[in-house]
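A short write-up of the structure that comes next.
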Amino acid sequence: MDTEFNLYDPYDRATTLNPFPVYQWLRDHEPAYYNAQRDFWALSRHADVVAAHADPETFSSAGGVTLEGLEKGSGNLVVMDPPEHRDHRKPVNGLFTARRIASLEGFVRSRASALLDAAGDAGEFDVVTDFSLKLPLEVVAELVGIPAELLPQIHELSNRVLARSGPDDPAGLDDMMTAGAELFCLYLDLVRERREQPPRDDAIAVLLTTEVPDTDSGTARRLSDEEVAMRFLELGLAGHETVAKLIPNAVVGLYWYPEQRRHLVDHPEDMPNAVEEFLRWDPPSHLQGRTLTRDVDLHGRTLPAGSRVMLLTAAASHDDRVYEYPELLDIHRKIRKQLAFGYGVHACLGAALARMETRIALEELLKRYPDYEIDGSRAVRKVHSNVRGLSSLPLLTTRTHRSPARSTRAVAAAGS
């Protein structure tokens, strides 16, 4: 049995469908695992993943955070190390204050309600394409100040970027790069247009007037148009992707655990803790890439300087050294350290907003469809290197067949 999972490859189709048994094998047998074919190391135990995230000096993000590292040198916050990361993240922090997030709650609920109401009484709608993809994009647009007329184009381009494939799909990779470049140019045009207009009280105005230290001169300077456009690009994609994948993962979980779904229908006040468990149980991001700046000795092996290391946060969140019965969904579970949004200096900027969006989305969905079914036979899951989620999930709003029995491997996830 130990040899069944002797190769961890995030692009393996079977692993994508259910990575959790593979993660367990890694934690128990190869906690410092090396994949020679793709030339990367993988850390899977909770303690190791947390320690690596907390040590950006050793585990650098500058080489990119995906397996391929295509984002290296992009100017994204995620590929900056301290102190540059701190200096460029500080102005964006102001967009996610508790007060600003709270002010969006009414908007989030109204848009979630409108999207669900649009499904009407048709008997079926797609949780992903009709709901979870659209909601976060509208929220980010409201937060940032993106004109409504640009949303259809941004939605189309964002979906193409988020449908990214890896080195085994060069055509898909080319389309992702093309869409990303078009999306960046769209944001850049928006920033340049706003430079010529009177100041407004919105996120674009904040970033246009914010100063950061200049590493060359040592003096303060304002962000360039390209830097502001990059902030919007990463905010839009990160906020879009996290919520778009988390909502359907939670919908699947509550379908497999009907008694927990019924509890949330009767006790919606428990939804915040349930969201934390959904994030632990099947998070949108399963790994974050780093590059070693020095040799690291771990579990009897030496990981050489310059190596690519994948921090498997999803595996760490299922570590039975930390959580009892980690494969099971338990909406009452107390989370020790939430790793779904990263940890340390690169913890997700929009985590509070993503939590609120997911909470409200599930509250509104359960109000309307407390006994929904899902059609797993028509669900679609694509292969990505660092994220996991459904790209299509038909939800049946009327009960047409019996719910499946709960599986002890309940995180296998619907869809093929």
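Just a few scattered comments:
- Options Ala62, Ala52, Ala42, Ala47; residue that is part of a loop (DSSP other than H, G, I, E, B) and of a type outside the set (Ser, Thr, Tyr): Ala62
- Looking only at the stretch 100-131, and only at residues there that are closer than 19 Å to Val380 by Cβ and either assigned to a strand (DSSP E or B) or touching a Ser or Thr at 6+ places or on another chain (Cβ under 9 Å) (or both), the one that is modelled with the lowest pLDDT: Ala119
- Considered as a group, the residues in the stretch 99-111 that are over 19 Å from the mean Cα position of the chain (by Cα) and touching a residue at least 24 places away in the same chain (Cβ under 8 Å) include one that is nearest to His346 (Cα to Cα), and that residue is Arg100.
- Residue within the stretch 73-82 that is hydroxyl-bearing (Ser, Thr, Tyr), part of a loop (DSSP other than H, G, I, E, B) and farther than 30 Å from Asp202 by Cβ present: no
- Qualifying residues in the stretch 69-98 (those that are within 24 Å of Pro170 (Cα to Cα) and without any contact (Cβ under 8 Å) to a residue 60 or more places away in the chain) - the one surrounded by the fewest Cβ atoms within 10 Å (Cβ to Cβ): Gly73
- Exactly one residue out of Ala347, Ala315 is within 20 Å of the chain's Cα centre (by Cα) and more than 16 Å from Pro56 (Cα to Cα), and it is Ala315.
- If you check Thr66, Thr15 for being within 19 Å of the chain's Cα centre (by Cα) and free of Cβ contacts under 8 Å to residues at least 60 places away in the same chain, only one passes: Thr15.
Listed here are the residues, each with its yes/no results for (1) at pLDDT below 95; (2) outside any helix (DSSP H, G or I); (3) over 30 Å from Arg222 (Cα atoms).
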site	(1), (2), (3)
Thr16	yes, no, yes
Gln24	no, no, yes
Tyr33	no, yes, yes
Leu67	yes, yes, yes
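- Which listed residue, of Leu328, Leu395, Leu362, Leu366, is at pLDDT 90 or above and in a strand (DSSP E or B): Leu395
- Gly63 vs. criteria in contact with a strand residue (DSSP E or B) (Cβ under 8 Å, 6 or more places away or on another chain), of a type outside the set (S, T, N, Q) and within 25 Å of Gln288 (Cβ to Cβ): yes
- In the stretch 297-325, the residues that are surrounded by 21 or more Cβ atoms within 10 Å (Cβ to Cβ), aliphatic (A, V, I, L, M) and part of a loop (DSSP other than H, G, I, E, B): Leu312
- Residue satisfying condition, being more than 16 Å from Thr242 (Cα to Cα), in a helix (DSSP H, G or I) and within 19 Å of the chain's Cα centre (by Cα), within set Glu156, Glu149, Glu138, Glu142: Glu156
- The helices (runs of 4 or more DSSP H) falling completely within the stretch 201-285 that include 1 or more residues that are at pLDDT 95 or above map to 225-256, 258-266, 271-281.
- Scanning the stretch 232-243 for residues that are touching a Phe, Trp or Tyr at 6+ places or on another chain (Cβ under 9 Å) and farther than 18 Å from Met177 by Cβ yields a total of 2.
- If you go through the stretch 331-359 and keep only what is in a helix (DSSP H, G or I) and either without any contact (Cβ under 8 Å) to a residue 60 or more places away in the chain or not polar (S, T, N, Q) (or both), you end up with Gly344, Val345, His346, Ala351, Ala352, Leu353, Ala354, Arg355, Met356, Glu357, Arg359.
The values are calculated or read from the model by the stated rules, or taken from the named source; none is laboratory data. Since we're looking at a predicted model, the values are computed, not measured. Note that we place each Cβ from the backbone using ideal geometry, even for glycine, and neighbour counts take in every protein chain shown.
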